[in-house]
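The values are calculated or read from the model by the stated rules, or taken from the named source; none is laboratory data. As the structure is a computational prediction, the values presented were derived from the model and not from experiment. With ideal geometry, Cβ positions are generated from the backbone for all residues, glycine too; neighbour counts draw on all protein chains shown. Keep in mind that these areas ignore ligands, DNA and RNA; they rest on the heavy atoms of the full protein, side chains included. Shrake-Rupley method; radii C 1.70, N 1.55, O 1.52, S 1.80 Å.
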Amino acid sequence: MTALTSTKGYYEIELPIGAHILEMIALGIENTKKRVVIYNDGNLNFKLNESLELLDEVVVKADANKNVANTTSGSESIDAEESKNIPLVLGERDVLRVATSLPGITTAGEGSSGFNVRGGKSDQNLILLDDAVVYNPQHFFGIFSGLNPFAISSLDVYKGSFPAEYGGRLSSVFDIKTKNADTQKIKAEGSIGPVTSNALIELPVLKEKSSLLLGGRGAYANWILRSLDEPSLENSEASFYDFLGSYSHKINSNNNIKATGYYSRDDFSITSDSLFVYKNRLVSVKWDHAFNDKTTGSLVASNSQYDFNIEFDGNSNNDFIFGYRVNESEVKLKVNHTNKSKLTYAYGLASKLYNIDPGNLDPIGDGNSITETKTIPRERGLESAVFLSANIDLTKKLALEAGLRVSHFASLGESTQVVFEDGQPKSQATAIDTLSFAKNEVVENYFNHEPRISARYLINPSLSLKAGYGRTYQYIHRLSNNTTVSPIDTWKISDLNVKPQSADQFTLGLFKNFDDNKYELSLEGFYKPSDNILDFK
């Protein structure tokens, strides 16, 4: 009589009362025999030992043909370890710099942060670090990455029809995961460069159960600026630092918890009278639970905040500090289910609360500044969504991934909204009424359907044809003012007069691997019309 265990080692076998010899056989495990006497029902656990054999070098290629076999169109995966082989930027590895070398992704320009993906604006990219949003993932306006390269495990980039669980941005998703620290022994990694230094340490907390990852970076470019033979740069400042901490804990075989915290700050001043300061802060907690060998789920709670300030302290009497802040909190539940080897599906819901302070202007100095205090009222909004997606192999060659995301956005008071004449440009001349809304009163509701679908056809094992379509909506907008000497931005949510941005993207591409998956070649085209894109007036 034989019995097979599940992937987690559970087994069930019926034996008559009496003595029996049980033999355990498994790949990589020593064959074990044990004599047992059965009296009645019960549980019997076995302690197994590994079977070790010395072999010649073995090269294992995982997901070597993933680019061909993957169903999702316009997706890329970057392994952080592989990014070690790329040229360094002033001594720093940068996994985001690797992403900008992918087709369809370009930098926003010299001296500016962000990326343009397939013609989209830089604010249309959703950048996640362990499921929490990072509003500005770069230091020094794009020269350095804002994320510790030693702490990153992987980066998944979606620039086509991305999965239904992602929403709130039009152009792309950068899903960045930090690695789990070693639970067996202490490990450390560090680097010292001409401008920056970096350190990371992995600390076991409970052996084989929990561990702590701590990382920090800092820049010391001030001495470079001040050593230059240029009087105007004597009082310049250029520095940044960031800290990252991640704690992972394996409660049991079915439950895992991971908590991540991140903080960064940039101080940047080329002129003697203006100091730019911007800060990122985020925290996320994720609970993974396995209901059984077919169904798993995850619950994520996160909070992100981005602050930007300009301090002007000149020789005149109009010294000021200007700044804005974006804060968001989100809860997300997702369930994955594998029904058969040919069918997997996922579903869930998410809700996010925005609190935006679009602008504050205050005088600074010894009290002689003629600048008047001005504050744009806080804006609040609630973005919620339910999503469902499925991936099915229709035949050995044809696979389909389909999903639907239904999103809702409510602009919330306290707020004052101006009503304009229909069909006329929005200006003071066309204003006909002013409406006031109490705290938490709904100013405007937006309901939208976001279908996503991708298909893959394997022409042969190394060549595939992919097509996809996806609709996306974005309820938060970045307004950029490039008319000043130092360009500044601020953020705004959709309301009575500002509709959400929307985009439809159609993709079609060929993907080919050569020489036993050593080389990849892809040719992909897209068509993406957009609507309700804001411009700063």
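The table that follows gives values for the structure above.
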| item | result |
| --- | --- |
| Approximate spin-label separation residue 506-residue 337, in nm, with each point projected 7 Å along Cα-to-Cβ | 3.4 |
| Positive-end residue, the stretch 275-391 charge dipole about Cα centroid, Cβ charges, pick of 369, 356, 283 | 283 |
| Relative packing of peptides 524-536, 458-470, 419-431 - highest average C-beta neighbours within 10 Å first | 458-470, 524-536, 419-431 |
| Cα→Cβ-extended label distance, 7 Å offset, between residue 2 and residue 439, nm | 7.0 |
| Accessible surface, the stretch 245-369, averaged per residue in Å² (probe 1.4 Å) | 47 |
| Size of electric dipole in the chain: Cβ of Lys, Arg +1 and of Asp, Glu -1, about Cα centre, debye, nearest 20 | 1940 |
| Chain lengthening between residue 366 and residue 186 when straightened (0.36 nm per residue, less Cα-Cα) | 59.6 nm |
| Karplus-derived HN-Hα couplings along the stretch 241-249 (A = 6.51, B = -1.76, C = 1.60, θ = phi - 60°), whole Hz, x at Gly and Pro | 8, 8, 10, 9, x, 9, 10, 10, 9 |
| Residue-by-residue Karplus 3J(HN,Hα) for the stretch 409-419, coefficients 6.51, -1.76, 1.60, Hz, glycine and proline x | 10, 10, 7, 10, x, 7, 7, 10, 10, 8, 9 |
| The stretch 423-431 - phi-based ³J(HN,Hα) in whole Hz, Karplus 6.51/-1.76/1.60, Gly and Pro as x | x, 10, x, 7, 7, 4, 6, 9, 6 |
| Accessible-area composition of the chain, carbon plus sulfur, in percent [1.4 Å probe] | 54 |
| Summed side-chain charge close to residue 285 - residues other than residue 285 whose Cβ falls under 12 Å, Lys, Arg +1, Asp, Glu -1 | -1 |
| Point-charge dipole on Cβ atoms (K/R +1, D/E -1) for the stretch 286-325, about Cα centre, debye to 20 | 340 |
| Selected from 6, 43, 25, residue furthest toward positive end of dipole (the stretch 1-46; charges at beta carbon) | 25 |
| Computed magnitude of the charge dipole of the stretch 386-537 (debye, nearest 20; Cβ of K, R +1, Cβ of D, E -1) | 540 |
| The chain - mean residue ellipticity at 222 nm from DSSP helices (-39,500 (n - 2.57) per run, n ≥ 4, rounded to 500) | -500 deg cm²/dmol |
| Stretchable slack from residue 34 to residue 429, in nm (0.36 nm times residue separation minus alpha-carbon distance) | 133.1 nm |
| Cα centroid separation, the stretch 277-352 to the stretch 4-42 (Å) | 47 |
| Spin-label zone in the stretch 440-459 - amide nitrogen under 15 Å from a point set 7 Å from the Cα of residue 392 along the C-beta vector | 453-456 |
| Gain on full stretching of the segment that runs from residue 418 to residue 23 - 0.36 nm per residue minus C-alpha separation | 134.3 nm |
| Charge dipole of the stretch 334-424 about the Cα centre (unit charges at C-beta), most positive-ward option of 412, 390, 343 | 343 |
| Label point distance in nm, residue 107-residue 351, each placed 7 Å from Cα along Cα→Cβ | 4.2 |
| The stretch 117-136-the stretch 423-437 distance, computed between alpha-carbon centres (Å) | 33 |
